[in-house]
Amino acid sequence: MDGATGSELQRRGVYLSYGVSSAGVLGSWSATAMRDAPDVVRAVHEDYLAIGCDIIITNSFWTNTVKLGLVGLEDRAEVYTRLAGDIAVEARDRLSPGAWVAGGMAPPHGGMPGVPVDRDDLPREFAMQARHLAAAGVDLILVEYVGWIEDCVNAVDAVSSTGLPVMLGLRHVTMNGTMQHGESFSDLVAELGNRDVCAILLMCSLPEEIDASLPGLLKAFDGPVGAYPNIGYEFSDEDVAAGGHFHSLDTTSCTPERLAAHARGWLDAGARIVGGCCATTPDHIQAIRDLVPR
Ligand SMILES: [Zn+2]
């Protein structure tokens with residue numbers, strides 16, 4: 001799978017901090033890149049496809065009306081979602097026709113402690129995004145950055161009308177081998193019941209947290225399992241006070257070689273999909289690509 005999109009846009013100079021507040025609201029993040037820098041989004045996809053990624057993720061993480069509403073762009077949600085799909089599908093068709101495009105989406109209420117959760121938003125926004133990504137021609141839906149079992153179940157139901165395969169990406173798993181809020185992977189699989197989920201991935205967690213959590217997921221879920229970690233980034237008061245970038249990108253402490261060593265362990269344990277989340281770069285994904293037979 002590919003590496004970071006949002007932090008990679010940021011690394012290439014795209015401003016992603018609209019709507020950030022000191023109350024811990026993350027703003028609209030990479031959604032505004034569909035207005036400000038669609039050519040940079042295309043270039044990021046191209047770089048990951050050139051490495052040989054088998055799956056790339058559309059830049060539609062928070063192209064929903066809730067997040068775009070924080071910056072007065074709620075009426076652009078459908079346009080940006082469709083554009084994110086179109087750009088990724090076009091790049092794939094041109095550079096790597098055998099690769100898959102995953103239509104990505106994350107819960108509109110985000111994930112910061114203290115930020116109210118409105119679960120009514122999720123089914124509506126996910127259904128909208130899935131519809132527009134399907135129209136763009138994506139191959140599957142990736143519901144990512146989900147932290148609660150309830151959100152996973154609601155999300156799978158919300159996107160099911162597209163008929164596309166659905167993958168789940170679970171955020172912030174723990175050193176205790178659980179989901180973010182202590183729920184177990186076996187309870188997740190039980191609650192999903194006979195809903196059709198084609199893969200479950202651990203994502204936006206540190207490599208060490210994935211080391212701790214992957215065995216439990218492999219035991220709980222019969223289908224394909226994978227991981228795409230972040231490699232360390234921060235949301236600090238200083239970042240917000242500076243009015244600028246809210247992620248302190250740290251690409252030095254987890255080198256491509258170090259990430260690849262973790263990925264080697266995940267593959268040996270039975271993971272079938274590996275990639276990267278926040279702060280990973282094409283260099284990190286190249287190091288992982290080199291581990292996987294073509
Ligand atoms: Zn991430």
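The values are calculated or read from the model by the stated rules, or taken from the named source; none is laboratory data. Owing to the predicted nature of the structure, the values given are computational and were not obtained by experimental measurement. Please note: Cβ atoms are built from the backbone with ideal geometry, for glycine as well, and neighbour counts cover all protein chains shown.
Numbers at a glance
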{"quantity": "Residue list for the stretch 4-61, filter: within 16 Å of the ligand (Cβ to nearest atom), at positive phi and not in a helix (DSSP H, G or I)", "calculated": "Gly27"}
{"quantity": "Ala77 away from the ligand (no atom under 16 Å from the Cβ) and among the small types (Gly, Ala, Ser)", "calculated": "yes"}
{"quantity": "Which listed residue is surrounded by 13 or more Cβ atoms within 10 Å (Cβ to Cβ), over 30 Å from Ser161 (Cα atoms) and at pLDDT 95 or above, from Ala287, Ala279, Ala227", "calculated": "Ala287"}
{"quantity": "Extreme residue, nearest to the ligand (Cβ to nearest atom), among residues of the stretch 189-214 that are over 19 Å from the mean Cα position of the chain (by Cα) and either touching a residue at least 12 places away in the same chain (Cβ under 8 Å) or surrounded by 13 or more Cβ atoms within 10 Å (Cβ to Cβ) (or both)", "calculated": "Ala212"}
{"quantity": "Unique residue being within 15 Å of Thr281 (Cα to Cα) and either touching a residue at least 60 places away in the same chain (Cβ under 8 Å) or aliphatic (A, V, I, L, M) (or both) when the list is Ser60, Ser7, Ser21, Ser17", "calculated": "Ser7"}
{"quantity": "Leading residue by the ranking (farthest from Ala220 (Cα to Cα)) among those in the stretch 263-285 that are part of a helix (DSSP H, G or I) and more than 17 Å from the chain's Cα centre (by Cα)", "calculated": "Asp283"}
{"quantity": "Members of the stretch 264-294 that are away from the ligand (no atom under 16 Å from the Cβ) and either without any contact (Cβ under 8 Å) to a residue 12 or more places away in the chain or among the hydrophobic types (A, V, I, L, M, F, W, C) (or both)", "calculated": "Trp266, Leu267, Asp268, Ala269, Ala271, Ala287, Leu291, Val292, Pro293"}
{"quantity": "Criterion violated by Lys67 - all others in (1) of a type in the set (Lys, Arg); (2) in contact with a Pro (Cβ under 8 Å, 6 or more places away or on another chain); (3) away from the ligand (no atom under 16 Å from the Cβ) satisfied", "calculated": "(3)"}
{"quantity": "Condition met for His247 (within 16 Å of the ligand (Cβ to nearest atom), at pLDDT 95 or above and either on the phi < 0 side of the Ramachandran plot or not in a helix (DSSP H, G or I) (or both))", "calculated": "no"}
{"quantity": "Failed item, numbered, when Val79 is tested on (1) at pLDDT below 95; (2) over 27 Å from Ser205 (Cα atoms); (3) of a type in the set (Val, Ile, Thr)", "calculated": "(1)"}
{"quantity": "Residue identified as touching a residue at least 60 places away in the same chain (Cβ under 8 Å), buried (at least 16 other Cβ atoms within 10 Å of the Cβ), within 15 Å of the chain's Cα centre (by Cα) and closer than 24 Å to Asp196 by Cβ among Gly103, Gly85", "calculated": "Gly103"}
{"quantity": "Count of residues meeting criterion [out of contact with any His (no Cβ under 6 Å at 6 or more places or on another chain), assigned to a helix (DSSP H, G or I) and buried (at least 22 other Cβ atoms within 10 Å of the Cβ)] in the stretch 62-82", "calculated": "4"}
{"quantity": "So Ala135, is it outside any loop (DSSP other than H, G, I, E, B), in contact with a Phe, Trp or Tyr (Cβ under 8 Å, 6 or more places away or on another chain) and among the small types (Gly, Ala, Ser)", "calculated": "no"}
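Residue by residue, here is whether (1) within 16 Å of the ligand (Cβ to nearest atom); (2) modelled with pLDDT of 95 or more; (3) basic (Lys, Arg) holds:
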| residue | (1), (2), (3) |
| --- | --- |
| Gly85 | no, yes, no |
| Pro107 | yes, no, no |
| Val115 | no, no, no |
| Leu133 | no, yes, no |
| Gly147 | yes, no, no |
| Pro165 | no, yes, no |
| Met175 | no, yes, no |
| Glu183 | no, yes, no |
